[in-house]
Amino acid sequence: ARRCWRAVGLKARLLEARRRDFCSAQSVSYVNTDPLLVVEGRGARLIDERGRSFLDTRNNVAHVGHAHPAVAAAVAAQVSTLNTNTRYLHPTVCELARRLLDTMPAPLRDGVVFFVNSGSEANDLALRLARAANTRGASRCLVVEHAYHGHTSAVIGLSPYKFDHRSFGGRGQPEWVTKCPAPDLFRGPHRGADAGRRYAEAVAEACAAEGEGGVCAFFIESGMSVAGVLLPPAGYLASCYEAVRAAGGVCVADEVQTGLGRFGTCWWGFEQQGVVPDIVTMGKPMGNGMPLAAVVATRRVSDAFAAGPEYFNTFGGNPVCAAAGLAVLEAIERDGLRANAAATGQWLRAALQALRAEEASHGAVVGDVRGAGLFIGVEFVRERASREPAAAETSWLCSRLKDEHRILTSIDGPHDNVLVIKPPLCFSRSDAEQLVHALRSELVGMRGADLAGVTATPT
């Protein structure tokens, strides 16, 4: 089977087919250098048609590892037996719901689960739930700058990362959405010990501006990936939640990027802040590549929603995807993946901070290292005083890591200068050492590199 992938010219023909048969809005990773034809995955590695193995530091879809044997076996067994919708009773779907609720703090533990197919669907449903639960008839939703909550029409309206795109000509933000400052400790106006409180003041002011009408919901990612790995500063969520609830709104934690143990010390990112949301959304990592996502809501919220029309999702929580989800939860526990995320992430952040201290010999400066567990951002700047984003240098690094070291990375942030590290949770200490060694080598080599012709690297 492998020989057919090695057919002469196959990759070029596939790239031509993508360009011919797909919209150009659907990007291909590394298309500015040499895109990959990936045919296999194992653990934290992806393998191309030539048999070359690439360390995957970016793919949080394969949450417990590419082609995890237990997940693959569970899917194979179920798909050969039955796959249908959730109007029928099925033990795997019910067991997955209970196991998922058991990872939540009260009162969410005693709440309900809605299974859907993607994080976008989850956030779309969360918006419907929030509107149904609002007793004041408020429609105002609060979000933060650079947020991304999905690609349906409704949640693009909750996503400044999308609605601020130049193609909207400044008219993308819906009337019912208020955008608050992102809690950015590196580039934002508040960087001290009181940053959480001061950023939360903007949310409180947005609530106050609505007067007696109140607000509907506050949506925030527990770790903002496309914003460049921004984590809420201490006390921020508690203050925001207090203001939103006082205004009659519900608090929605978007855990698509950070949930299911990625931070290591906890199951869910919001737990680091000592808060409990009213609604939690989760997505791509749940099924380890299978289309599975979910919404968990408190009883108060779900009871209000139940008073409306029936909710039905044909494929959400089907038995095959539920089998994958159950196997993922079991693998996280059995393989010790939360502990690995905590330990490996701690070592990696420390090593990247040490790399930052070596910057005098580098062509670009490691401006900031931030994150938790295996959710880490490395922001590159041209010099520290001005914090001028090193966008071209970051693209150059990303391509070099792929071409010279066979390491796959991701670029994000509003200035395209943050390497985002969010690998499968089986990513090991030796994998982390390989990444740091390669980064050090390329940062030193950057000094004499000609970056004039560097183009943005889509990842």
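Where a number appears in this text, it was derived from the coordinates with a stated rule and is not lab data. What you see is a predicted model, and the numbers here were worked out from it, not measured in a lab. Using ideal geometry, Cβ is built from the backbone for each residue, glycine included, and neighbour counts are taken over all protein chains shown.
Residues SER222, SER410 in ascending order of nearby Cβ atoms (within 10 Å, fewest first): SER410, SER222. Centre-to-centre, using Cα atoms only, the stretch 305-332 and the stretch 228-249 are separated by 28 Å. Each peptide in 322-333, 23-34 gets a packing score, the mean of other Cβ atoms within 10 Å over its residues, and the list from highest to lowest is 322-333, 23-34.
If you count the DSSP beta bridges with both ends in the stretch 69-334, what percent of them are antiparallel, to the nearest 5? Please list the in-between numbers first.
Working: 10 of 25 bridges.
Here the antiparallel bridges make up roughly 40 percent for the stretch 69-334.
Counting every other Cβ atom within 10 Å of each residue's Cβ, HIS66, HIS165, HIS90 order from fewest to most as HIS165, HIS90, HIS66. The alpha-carbon of LYS284 sits under 21 angstrom from the alpha-carbons of these lysines, leaving out residues fewer than 8 places away in its chain: LYS162, LYS422. Choose one of GLY377, GLY413, VAL454: the residue whose Cα lies farthest towards the positive end of the charge dipole of the stretch 341-459 (beta-carbon charges +1 Lys, Arg; -1 Asp, Glu; about the Cα centre). Selected residue: GLY377.
Restriction of the chymotrypsin sites (Phe, Trp or Tyr not before Pro) in the stretch 233-328 to DSSP coil positions whose beta-carbon has at most 10 other beta-carbons within 10 angstrom yields PHE312. Highest average first, the peptides 167-173, 288-294 ordered by how many other beta carbon atoms sit within 10 Å of their residues are 288-294, 167-173.
In the stretch 69-334, a dipole from Cβ-located charges (positive for Lys and Arg, negative for Asp and Glu) runs towards its positive end, and of ALA209, ALA227, GLY137 it is ALA227 whose Cα lies farthest in that direction. DSSP finds beta bridges in the chain, and of those with both partners inside it, around 65 percent are antiparallel.
List the relative contact order of the stretch 195-304 as a percent without decimals, with contacts defined as Cα pairs under 8 Å and 6+ residues apart.
Numbers: 178 pairs, mean separation 25.4, N = 110.
RCO, the stretch 195-304: 23 percent.
Do any trypsin sites (Lys or Arg not before Pro) in the stretch 28-96 lie in a loop, going by DSSP, with at most 14 other beta-carbon atoms within 10 Å of their beta carbon, and if so which? In loop regions of the stretch 28-96 (DSSP not H, G, I, E or B), the sparsely surrounded trypsin sites (Lys or Arg not before Pro) are ARG50, ARG52, ARG87.
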